[in-house]
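S.K.: Here it is, the structure, as structure tokens.
The values are calculated or read from the model by the stated rules, or taken from the named source; none is laboratory data. Predicted, not measured: the structure shown is a model, and the values here were computed from it. Only protein heavy atoms, including side chains, enter the accessible area calculation; ligands, DNA and RNA are left aside. Shrake-Rupley method; radii C 1.70, N 1.55, O 1.52, S 1.80 Å.
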Amino acid sequence: MDQPTVLSHSVREKIDIAWGHCSESKGSDGKKQYRCLHCGVVYKGGGINRIKQHLAGIRGNIASCKKVPHDIRHQMQENLREIGKKKQQTQEELEQNTTVSIDEHMDEEIGSSSLPKS
Ligand SMILES: [Zn+2]
């Protein structure tokens, strides 16, 4: 219980469903490592998301779990999909905000350079 408090933004990650399927520990080099409770594979660094990709069987730079039950795998896939959706939404909101600020800026420019035409 002498671990430092995690940053507030990662509190949500701590209740992530993937935590029920892996254990976190510190390696000999002091870096965090995550062990899959189903097949026992250990990943150093990368965070909970890496374990989640392993459990979901996402193809890429990580091996998929061969021992995780199908329903859990499905759960992880759905979870990753939802996170992707949220990211997309945030990006759209950002784009909208940018458009608004550009409009304001244009108004300002027109106002300050409204010299009469000669
Ligand atoms: Zn595994």
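S.K.: Just subtract the alpha-carbon distance of Glu24 and Glu92 from 0.36 nm times their residue separation and send over the number in nm, one decimal.
M.R.: Residue separation times 0.36 nm, minus the Cα-Cα distance, leaves 21.0 nm.
S.K.: Can I ask one more? Quick one: check the C-alpha center-to-center distance for the range 47-69 versus the range 14-36, whole angstrom.
M.R.: Centre-to-centre distance over Cα atoms comes out at 14 Å.
S.K.: Take the Cα atoms of the range 8-104, build their convex hull, and give its volume per residue in Å³.
M.R.: So the per-residue Cα hull volume is 137 Å³.
S.K.: Same structure, new question: Considering only protein heavy atoms, with the full assembly of protein chains and a 1.4 angstrom probe, order Arg50, Arg59, Arg35 by accessible area, largest first.
M.R.: Arg59, Arg35, Arg50
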